[in-house]
């Protein structure tokens, strides 16, 4: 793919992200996406077989990028379960606060996918949950976490839901700065896990 083709594809994905964020996938037409880029309607089909394929590529990219950042953060946090948990939560907070449009589209519009495309995205979402659950289970075993009902997957889902909702309300000009946001949410998540009040080492605000 040439640089011109790559730029055109990226413009279509960016326009689709904003329109899906504002109206939803089902209410957005191919014509509206291409018009937002100044393209003819047929231009979309030079890069995607359909609007459904565009949605899949967009949602897959959102989820794959988030998984990459979480794996990197967990590895960099060292062996302590509390530090790993704090690092993972910080990545989810940063993603949902800094990239609200992409985050909301990824969390909501994946439901419009079907078949193998849906299965692929759901597998990534399960791995994201399992990363948190594995850390929580290790912490519970070592005695640093005390989970309600003893359920690591249940606590992981609750934490991810809490972080996911950030994209619904956070604003750059709001009361909380991104740094304050990630510290507050790490503290909330640690309380949900029955852990210490703060990690031994505060994770650096991640760039996602």
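The values are calculated or read from the model by the stated rules, or taken from the named source; none is laboratory data. Keep in mind that this is a model prediction, so the values were computed, not measured. Glycine also receives a Cβ, built like all others from the backbone with ideal geometry; neighbour counts cover every protein chain displayed.
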Legend entry - Any chance residue 125 is assigned by TED's automatic domain parsing to the domain that holds residue 169 and within 11 Å of the chain's Cα centre (by Cα): yes
Inset, instruction - Residue by residue through the range 1-18, note down the ones that are surrounded by fewer than 20 Cβ atoms within 10 Å (Cβ to Cβ), touching a residue at least 40 places away in the same chain (Cβ under 8 Å) and more than 18 Å from residue 100 (Cβ to Cβ). - result: 5
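Which one of 29, 75 is out of contact with any strand residue (DSSP E or B) (no Cβ under 9 Å at 6 or more places or on another chain) and either in the same structural domain as residue 136 (by TED's automatic domain parsing) or within 30 Å of residue 144 (Cβ to Cβ) (or both)?
On the way: 29 fails: either in the same structural domain as residue 136 (by TED's automatic domain parsing) or within 30 Å of residue 144 (Cβ to Cβ) (or both).
Among 29, 75, only 75 is out of contact with any strand residue (DSSP E or B) (no Cβ under 9 Å at 6 or more places or on another chain) and either in the same structural domain as residue 136 (by TED's automatic domain parsing) or within 30 Å of residue 144 (Cβ to Cβ) (or both).
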Legend entry - Residues of the range 179-198 classified as over 19 Å from the mean Cα position of the chain (by Cα) and either surrounded by 14 or more Cβ atoms within 10 Å (Cβ to Cβ) or part of a loop (DSSP other than H, G, I, E, B) (or both), total: 9
Inset, instruction - Please work out which residue is surrounded by the fewest Cβ atoms within 10 Å (Cβ to Cβ), limiting yourself to the range 19-61 and to residues that are over 18 Å from residue 113 (Cα atoms) and touching a residue at least 40 places away in the same chain (Cβ under 8 Å). - result: 46
Inset, instruction - Take the residues in the range 135-178 that are part of a helix (DSSP H, G or I) and free of Cβ contacts under 8 Å to residues at least 12 places away in the same chain, then tell me which one is surrounded by the fewest Cβ atoms within 10 Å (Cβ to Cβ). - result: 149
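For residue 68, indicate whether it is out of contact with any helix residue (DSSP H, G or I) (no Cβ under 8 Å at 6 or more places or on another chain), in the same structural domain as residue 183 (by TED's automatic domain parsing) and at pLDDT 95 or above. Before you say what the answer is, go through the steps one by one.
On the way: out of contact with any helix residue (DSSP H, G or I) (no Cβ under 8 Å at 6 or more places or on another chain): yes; in the same structural domain as residue 183 (by TED's automatic domain parsing): yes; at pLDDT 95 or above: yes.
Answer is yes for this residue.
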